[in-house]
Amino acid sequence: MSTSLERLKERLAQVSDLSAAAAVLGWDQQVNMPPGGSDARAHHLATVEALAHSLFIAGETGQLLEEAAAETTGLPYDSDDASLVRATRREYEKLRHVPESLVAERTRVCARAFEAWEQARTESNFAHFQPHLERVVDLTIQYAQALGYEDCPYDALLDRYEPEMKTAQVAEVFEEMKAGLVPLVQVITERGKSVDDTVFHQEYPEQAQWDFGTLVLRDMGFDFKHGRQDRSAHPFTTGFSPRDVRITTRILPDHFQSALFGTIHEGGHALYDQGMRVELDRTPLFDGASYGVHESQSRLWENIVARGRDFWGHYLPRLREFFPRQLAGVDLDTFYRAINKVEPSLIRTEADEVTYNLHIFLRFELEQELLERRLAVADLPQAWNAKMEQYLGVTPPDDAQGVLQDVHWAHGGLGYFPSYALGNLLSVQFYNQAREEIRDLPEQVARGQFGALRGWLRENIHTHGKKFTPAELVQRVTGGEMSAAPFLAYLREKYSEIYGL
Ligand code: ZN
């Protein structure tokens, strides 16, 4: 006679298998699928996701959870079984109020909204996307209501990405960031264009870009036996298991930084998924602690490690072997300053690490207005442009470079954007802690040796999967709370040196 815990695990393994199957369909959609396959794929995805959802929210899951909770009473808080029951119960209590029909309808509407968004962005025609986004916003409000919230609908959505975090907390952290960032951007902008990045205004052959990116990925410790890299229009990471983690890269011949730093970014995400204990596979614990914690891993590698001087002391001579003509006569100092040029710009994904978060504040504020119906979708482009002017001092010349630039809203991902900024904060908090515990970390990075850093991240963060809430994990790793202060101090120190402030 099996225990309730064992039967619960069998059930959750099936849910997890269905979710992984949906993820494979999603990966294929972006990497391999011919454009004509999108309607059929929308149905495939909607069916598989609805099946996973209904299996998860069934009354039997709830009953098994209650019995398993009784069976695991007294186990240590961080044990696999106690953590599984605790995290799954929390998820169950939220999701069981979301009707299966709403899940299927959101999936279908979002699949079509994605199509419409792609076309609207190509044509810079917001009107084409508007009716789809209106549907997405309506359904997202229904979704938030089904999930339930106390203070505001945004709380319900934010909680999907940042468990146990409240909108008011995010707003508070963002105000602290704004107070530090806005004047810093201003003083850097006033210094003028003292950083020369003409080295990047030339063509870098695609194959050599791919090859160099692969070399760095291998050095980081990305496991190609349990992962692969492909090309796609929008770079992303998806893991079906710790043993099968996929990343994608976009290569632009006249925009060298995009592929390299994108590859390192996704590599950071992938190390997180590959670093989770295999015992957590096929359970809800095979996941990041939060999207913000996941993003902290990608940003740690992309910005703190790979936009650092130590890193390029080692890699610039190697990069020169791949691009001898492009990098002839470019010294370390010039290159380092060029990859760290700060400039208020239109596109979030290409923003430097100082101005990046300003793009997030704008989206966070607009999303709340949309969800509380204080802003109509029709008025979104004007509201977007006004905030761009307010935060960054630039106005998009068209909607493709403005309100249509991100895919998230087409996917129904309202509430997601704050995770990017929180990830930036956490990347510095985690790296500072690693630096305290690994005495010669900068020297290791300067030799292109990342084993100790990767091992530290694995042991302290990756291995746990979703056992802990982000607040619990930050407490365990750093002994404190999430804070904007270390991030702001990091930026001030780095950019004071680069810009001679
Ligand atoms: Zn990311």
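The values are calculated or read from the model by the stated rules, or taken from the named source; none is laboratory data. This structure is a prediction, so every number in the text was calculated from the model and none was measured. Heads up, the Cβs are rebuilt from the backbone with ideal geometry, glycines too, and the neighbour counts pull from every protein chain shown. These accessible areas exclude ligands, DNA and RNA; they are computed on the full protein's heavy atoms, side chains included. Shrake-Rupley method; radii C 1.70, N 1.55, O 1.52, S 1.80 Å.
Take 461-467, 118-124 and order them by the average number of nearby Cβ atoms within 10 Å per residue, most first; the result is 461-467, 118-124.
Look at the dipole of the chain built from charges on Cβ: of Tyr391, Leu366, Gly329, the Cα furthest out on the positive end belongs to Gly329.
Hey, can you find the accessible area per residue of the range 4-148 for me, probe 1.4 Å, expressed in square angstrom?
Result: 46 Å² of accessible area for each residue.
Restricting the calculation to Cα atoms, every distinct pair contributes to the Kirkwood radius of the range 187-270, found to be 14.0 Å.
Expressed as a rounded percentage, what relative contact order does the range 236-297 have, with Cα pairs under 8 Å and six or more residues apart? Computed over the range 236-297, the figure is 34 percent. Take 13-24, 154-165, 194-205 and order them by the average number of nearby Cβ atoms within 10 Å per residue, most first; the result is 154-165, 13-24, 194-205. A simple charge model with +1 on the Cβ of Lys and Arg, -1 on the Cβ of Asp and Glu and nothing else charged puts the dipole of the chain at about 740 debye relative to its Cα centre. Our summary gives the chain a relative contact order of 19 percent, counting only alpha carbon pairs under 8 angstrom and 6 or more residues apart. By accessible area, using a 1.4 Å probe on protein heavy atoms only, the chain has 49% of its surface on carbon and sulfur.
Relative to the longest principal axis of the C-alpha atoms of the chain, give the angle of the C-alpha long axis of helix 100-123, reported between 0 and 90° and rounded to the nearest 10°. Long axis of 100-123 versus the principal axis of the chain: about 20 degrees. The H on the amide N of Arg231, modeled in the peptide plane, is under 5 Å from the matching H of Thr249, each at least 5 residues off or on a different chain. Size estimate for the range 343-501 follows the Kirkwood approach: the inverse of mean 1/r over distinct Cα pairs works out to 18.1 Å.
The residues of the range 167-499 expose on average 38 square angstrom of accessible surface per residue, using a 1.4 Å probe on protein heavy atoms.
Kindly state, as a whole number, the per residue volume in cubic angstrom of the convex hull around the alpha carbon atoms of the range 292-339.
Considering the Cα atoms of the range 292-339, their hull volume per residue is 77 Å³.
Pairs of Lys residues in the chain are counted when their Cα atoms are under 28 angstrom apart and they lie 8 or more places apart or on different chains; the count is 23. Of all DSSP beta bridges confined to the range 167-499, the antiparallel ones make up roughly 45%. Calculate the tail of P(r) for the chain: the fraction of all Cα-Cα distances greater than 43 Å, expressed in %. Considering the chain, 14 percent of its Cα-Cα pairs are separated by more than 43 Å. Computed packing ranks the peptides 322-335, 207-220 as 207-220, 322-335, most packed first, by mean other Cβ atoms within 10 Å. Each Cα pair of the range 4-148 feeds into the Kirkwood radius, which the Stokes-Einstein equation turns, at 20 °C and 1.002 mPa s, into a diffusion coefficient of 125 µm²/s. Projecting the Cα positions of Ala68, Gln209, Val428 onto the charge dipole of the chain (unit charges on Cβ atoms of Lys, Arg, Asp and Glu, taken about the Cα centre) puts Gln209 furthest along the positive direction.
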